[in-house]
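Taken together, the values in this text are just the output of simple stated rules run on the coordinates, not laboratory data. Everything quoted here is computed from the prediction, not taken from an experiment.
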Amino acid sequence: MDASAWDERYAARDLVWSVEPNRFVAEIIGPLAPGHAVDLAAGEGRNAIWMVEQGWTVVAADYSTVAVERMGSLAADRLGDDSGHLTALVADATQEAPGGPGAYDLALLCYLQLPPDEWRQALRAAVEAVRPGGLVVVIGHAGRNLAKGWGGPSERAVLYDPEEVVDRAEGLPVTVERSGIRERPVDTDEGERVALDTVVVLRREG
């Protein structure tokens, strides 16, 4: 994949995303016992840095060099002595995850919006990255958000509803623990709007 457009987007602003974790990441991962995690397509690291603050050891990868450099700076500022628990790497989410097969207790795919074939490659890489019993957490802009929600990409091919995630997981060694549409309030200049997100949790079979 070509990272140049994302490099330009990150370089043009001090911070593209919020410093807070995604609300569904916090809801799902917050109650879990910390372990080793990989955040694929981590952007500036808002979720990965938060996970380290919760006690996780995290490898956070993005294919934008600019984003990864910024993640390292943010981690140093926020994590202090714990910054060693975050490894920020430049990597393509559609390829084998850093660390190799079965290296993690959890893999996160948060707002990785790709065409179906590439997205399934990323999902396979995430599943292969976790050990048996581990979780793959998928959060993304839903397909139905185009007609019924607010914001997000306008190209239907890169959006996915929960059933599409489950379909693309067919043949992978996982069971579905959670699958549904969630509402996410968004503050705008015109007032609060509601975005529709897909939230799916898969568990790697033994």
Candidates 92, 189, 105; GNM for the chain (alpha-carbon contacts under 10 Å) flags as most fluctuating 189
Quick one: Cα centre-to-centre distance for the range 120-164 and the range 55-114, in angstrom?
18 Å
Amide proton proximity set for residue 186, modelled H, under 5 Å, gap of 5+
193, 194, 195
For the chain, averaging the sequence separation of alpha carbon pairs under 8 Å that lie six or more residues apart and dividing by its residue count, the contact order in percent is 17 percent
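Any chance you could run the full-extension gain for residue 33 through residue 166? It's 0.36 nm times the residue separation minus the Cα-Cα distance, nm to one decimal.
Working: separation 133, 0.36 × 133 = 47.88 nm, distance 2.53 nm.
Taking residue 33 through residue 166 to full extension adds about 45.3 nm, to one decimal.
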Counting only helical runs of four or more DSSP H residues, what would the 222 nm mean residue ellipticity of the chain come to if each run contributes -39,500 (n - 2.57) and the total is spread over all its residues?
-8500 deg cm²/dmol
Stretched fully, the stretch from residue 23 through residue 77 gains (0.36 nm per residue minus C-alpha distance, one decimal, in nm) 17.2 nm
Note: residue 95 to residue 176 extended length (0.36 nm per residue) minus current alpha-carbon separation gives 26.9 nm
Once the chain is represented by equal point scatterers at the alpha-carbon sites, with solvent omitted, what log10 I(q)/I(0) does the Debye formula produce at q = 0.16 Å⁻¹?
-1.07
Once phi is turned into ³J(HN,Hα) by the Karplus curve 6.51 cos²θ - 1.76 cosθ + 1.60 with θ = phi - 60°, what whole-Hz value does each residue of the range 95-110 show in order, with x for glycine and proline?
9, 3, 5, x, x, x, x, x, 8, 10, 8, 8, 10, 10, 10, 10
